[in-house]
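The values are calculated or read from the model by the stated rules, or taken from the named source; none is laboratory data. Being a predicted model, the structure only gives us computed values, none of them experimental. Cβ: placed from backbone, ideal geometry, glycine included. Neighbour counts: every protein chain shown.
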Amino acid sequence: MSDTIKGSIIGALITGIISLLIFFLGNFSTQSTIEEKTVETLSGYFDSVKKDMSYEQAIQAIYKENESLKVQIDTLNNQLNNQNSEEKINKIVQDATNYANSSDYIQALLTLNNAEYKTSEMEVLITEYSQKYEDSIIEQSDYLKNEERLDEAYNLIKDALDILPNSQILKNKLQEIESSYPQNMVDAIPAYQSGGNSYTEYSSTKSGASEYFTMGGVKYTNGMTFNADINIFDDVSWAVYNLDKRYSSLEFMLGHVDGSDLGSETFLEVYYDGELIEEISVTPDMLPKAVSLNLSGVSQLKMQVRSSGSNGPLYGLGNPLVR
């Protein structure tokens, strides 16, 4: 009889056999006879019981055999569980490796992170695949950012943070992309000082788009205007902005404000940190034109328009966007 079968029936046999023998022999035999018959019967079921044993010796032998079988069965069960666990771990590692080899780092990480028990090998793979996933996402987001596909780059990083929520590299990249979105200049960095002839800023956010100016028949609810009035006291309209080296570019539409006086040619002068960098010609009969300025490394921006020799001609910068 196998150890497993013995272990499963010993308890029932001891109680059942003894109870049956006592039941059938109790009315016809003495106590001594019952015990002898019991030992004889038990010897046919258990190798450890001999016919010449006393009743107490037989019971003790069965008990010892039962305890030994319990130990053996527990050992076999533990070995089986360990074998199953090892096979399961090996499969998880192999599946994750296969995903990683095909550059599917998301599934590789999910496979490893969902394991009930993580071995040291798994922890090493999690670190390795996390790094490779980060590198892949950063490379993709940089490409999208350079292509001006900022929304796609932003969503890519947001989704990646669902997989690696503690990644500081991804968090920094998300902040970088957010700062790359163009901002309305008059909202982000309004002039902190202006002087000379009148200078006016327009913000649709602040006015609810109720204030505007037009250039070339196009309405602008965001921007600023410089008054090129002839003025014996001051012949320039200027404004300065604190960039704090935080911006890389400025784009706007430059033109003569419809309905204002005419005058002669003048210039929009652009200063970086006190140095004249560019002079852009403006005339009363011009069509609005796109202007782009490189602001990299600039702390202070100053723009001004000199008098054009007439009574209040206005020149405007429409939809100025800083990045």
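Consider ASN184 carefully, then state whether it is under 37 Å from the mean Cα position of the chain (by Cα) and crowded, with 19+ Cβ neighbours inside 10 Å. Step through it out loud before you land on a result.
Numbers: under 37 Å from the mean Cα position of the chain (by Cα): yes; crowded, with 19+ Cβ neighbours inside 10 Å: yes.
In short, yes.
Any chance region 273-286 includes a residue that's within 19 Å of THR200 (Cα to Cα), in contact with a helix residue (DSSP H, G or I) (Cβ under 8 Å, 6 or more places away or on another chain) and free of Cβ contacts under 8 Å to residues at least 40 places away in the same chain?
Applying the first criterion (within 19 Å of THR200 (Cα to Cα)) to region 273-286 yields 282, 284.
Keeping just the survivors that are in contact with a helix residue (DSSP H, G or I) (Cβ under 8 Å, 6 or more places away or on another chain) gives none.
The answer is no; no qualifying residue exists.
Every listed requirement among (1) of a type outside the set (Lys, Arg); (2) modelled with pLDDT of 90 or more; (3) not assigned by TED's automatic domain parsing to the domain that holds MET122 is met by GLN83 save one, (2). Of the residues making up region 284-305, those that are polar (S, T, N, Q) and either loosely packed, with under 15 Cβ neighbours inside 10 Å or more than 24 Å from ASP258 (Cα to Cα) (or both) are SER292, ASN294, SER296, SER299, GLN300. Evaluate the following for GLU211: is it surrounded by fewer than 19 Cβ atoms within 10 Å (Cβ to Cβ), at pLDDT 95 or above and either touching a Cys at 6+ places or on another chain (Cβ under 9 Å) or of a type in the set (Asp, Glu) (or both)? The answer is yes for GLU211. Yes or no: SER308 in contact (Cβ under 8 Å) with a residue 24 or more places away in the chain, among the hydroxyl-bearing types (Ser, Thr, Tyr), surrounded by fewer than 22 Cβ atoms within 10 Å (Cβ to Cβ) and not in a strand (DSSP E or B)? Spelling it out, it is not the case that SER308 is in contact (Cβ under 8 Å) with a residue 24 or more places away in the chain, among the hydroxyl-bearing types (Ser, Thr, Tyr), surrounded by fewer than 22 Cβ atoms within 10 Å (Cβ to Cβ) and not in a strand (DSSP E or B). In region 187-199, the condition of being over 19 Å from HIS256 (Cα atoms), touching a helix residue (DSSP H, G or I) at 6+ places or on another chain (Cβ under 6 Å), surrounded by 14 or more Cβ atoms within 10 Å (Cβ to Cβ) and of a type in the set (Asp, Glu) is met by at least one residue. Screening ALA61, ALA100, ALA115 for residues that are in contact with a helix residue (DSSP H, G or I) (Cβ under 9 Å, 6 or more places away or on another chain), within 30 Å of GLN140 (Cα to Cα), at pLDDT below 90 and not charged (D, E, K, R) leaves exactly one candidate, ALA115. For first residues located in region 227-253 and closer than 20 Å to SER299 by Cβ, partners that are buried (at least 21 other Cβ atoms within 10 Å of the Cβ) and of a type in the set (Phe, Trp, Tyr) and lie 6+ apart or on another chain with Cβ distances below 9 Å form the pairs TRP238/PHE226; ALA239/PHE226. With respect to the conditions (1) modelled with pLDDT of 65 or more; (2) out of contact with any Lys or Arg (no Cβ under 6 Å at 6 or more places or on another chain); (3) farther than 30 Å from LEU161 by Cβ; (4) not polar (S, T, N, Q), ILE14 lacks only one, and its number is (1).
Matching residues to (1) out of contact with any helix residue (DSSP H, G or I) (no Cβ under 8 Å at 6 or more places or on another chain); (2) outside the structural domain of ASN113 (by TED's automatic domain parsing); (3) among the β-branched types (Val, Ile, Thr); (4) at pLDDT 95 or above:
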position: TYR202; (1), (2), (3), (4): no, yes, no, yes
position: ILE230; (1), (2), (3), (4): yes, yes, yes, no
position: LEU250; (1), (2), (3), (4): no, yes, no, yes
position: LEU268; (1), (2), (3), (4): yes, yes, no, yes
